[in-house]
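See below for the structure under consideration.
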């Protein structure tokens, strides 16, 4: 979306932190914003700030762990502005800190309910709206640097949930129609209430400006913290070296490539034309 003016953007958890900063960044270019979360007082505080900034915005209660609540959020957005052009699945929590043998499974499931299934709900509900609209639209899911490597120790549920978000985004990129662009945002430490106990995080407004430019350029990998390349290159090198040692390339090795195998069985709509299986239709 090269031009954000008059675009309708729904943001989960958009009253504080990264979601709030993104709302301001998008709104400053004329986008119309809908934010949702559970805390009414935070929603109203955000709306008051948006008004002072001359940003066209509205709010509604939203619990991303509740599918019905997400459906109401999507309906509210479309009824308020007539359509939806972009969804930012931003809502997230940390919690369930500690080594896996010390973590309460109920607390770990809470993290997944928000960080993964909350994103799932948003993608499921809003993609239906976007498919019905049939016009260019976008979904951006908030991953983390922890989607790519383990940045935070003793946070097994959080790290795993963010890895799962990346997998969800990449699957949607393959499965949804081409007119729905899907991307993942990979923030490092950003100075927000979410990371309030950590000093030295990137300013949230600075982060939002970095993200905004990539979204306008329709990137699908949205990055910010430059030093993360050090950790990512280390992980890529470890994977590459393992393959070189135990599964080196050879002529014809694509016989076991997963896409080659799947073309014989259940091709996706985008791959169906390349399928080597005769059609049963």
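The values are calculated or read from the model by the stated rules, or taken from the named source; none is laboratory data. For clarity, every value in this text was computed on a predicted model and none was experimentally measured. As a convention, Cβ positions derive from the backbone with ideal geometry for all residues, glycine included, and neighbour counts pool all protein chains shown.
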Inset, instruction - Being surrounded by fewer than 20 Cβ atoms within 10 Å (Cβ to Cβ), in contact with a strand residue (DSSP E or B) (Cβ under 9 Å, 6 or more places away or on another chain) and assigned to a helix (DSSP H, G or I) is the filter here, so list the residues in segment 128-153 that pass it. - result: 129, 131
Legend entry - Residues that are surrounded by 10 or more Cβ atoms within 10 Å (Cβ to Cβ) and outside any helix (DSSP H, G or I), drawn from segment 202-246: 202, 203, 217, 218, 219, 220, 221, 222, 223, 224, 225
Legend entry - Of the criteria (1) buried (at least 16 other Cβ atoms within 10 Å of the Cβ); (2) closer than 20 Å to residue 183 by Cα, which one residue 50 fails: (2)
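Answer yes if at least one residue in segment 84-102 is closer than 22 Å to residue 26 by Cβ, more than 20 Å from the chain's Cα centre (by Cα), assigned to a helix (DSSP H, G or I) and modelled with pLDDT of 95 or more, and no otherwise. Don't jump to the end; show me each part of the working.
If we filter segment 84-102 for residues that are closer than 22 Å to residue 26 by Cβ, which is where we start, we get 84-92.
Now narrow it down to the ones that are more than 20 Å from the chain's Cα centre (by Cα): none.
No: segment 84-102 contains no residue that is closer than 22 Å to residue 26 by Cβ, more than 20 Å from the chain's Cα centre (by Cα), assigned to a helix (DSSP H, G or I) and modelled with pLDDT of 95 or more.
Residues are listed down the side, and each one gets a yes or a no for (1) in contact with a strand residue (DSSP E or B) (Cβ under 6 Å, 6 or more places away or on another chain); (2) assigned by TED's automatic domain parsing to the domain that holds residue 118; (3) under 17 Å from residue 140 (Cβ atoms):
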residue: 70; (1), (2), (3): no, yes, yes
residue: 80; (1), (2), (3): yes, yes, no
residue: 86; (1), (2), (3): yes, yes, yes
residue: 95; (1), (2), (3): no, yes, no
Inset, instruction - Kindly indicate the residue of segment 69-83 that is in contact (Cβ under 8 Å) with a residue 40 or more places away in the chain and more than 22 Å from the chain's Cα centre (by Cα) and also nearest to residue 130 (Cα to Cα) among those meeting that condition. - result: 82
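Yes/no per residue for (1) in the same structural domain as residue 212 (by TED's automatic domain parsing); (2) in contact with a helix residue (DSSP H, G or I) (Cβ under 8 Å, 6 or more places away or on another chain); (3) modelled with pLDDT of 95 or more; (4) in a strand (DSSP E or B):
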{"residue": "2", "(1), (2), (3), (4)": "no, yes, no, no"}
{"residue": "20", "(1), (2), (3), (4)": "yes, yes, yes, no"}
{"residue": "23", "(1), (2), (3), (4)": "yes, yes, yes, no"}
{"residue": "30", "(1), (2), (3), (4)": "yes, no, yes, no"}
{"residue": "44", "(1), (2), (3), (4)": "yes, no, yes, no"}
{"residue": "48", "(1), (2), (3), (4)": "yes, no, yes, no"}
{"residue": "65", "(1), (2), (3), (4)": "yes, yes, yes, no"}
Inset, instruction - Search segment 50-63 for residues that are in the same structural domain as residue 15 (by TED's automatic domain parsing) and pair each with any residue that is in a loop (DSSP other than H, G, I, E, B) when their beta-carbon atoms are under 6 Å apart and the residues are at least 6 apart or on different chains. - result: 63/38
Inset, instruction - Kindly check whether there is at least one residue in segment 78-90 that is over 22 Å from residue 179 (Cβ atoms) and touching a helix residue (DSSP H, G or I) at 6+ places or on another chain (Cβ under 9 Å). - result: yes
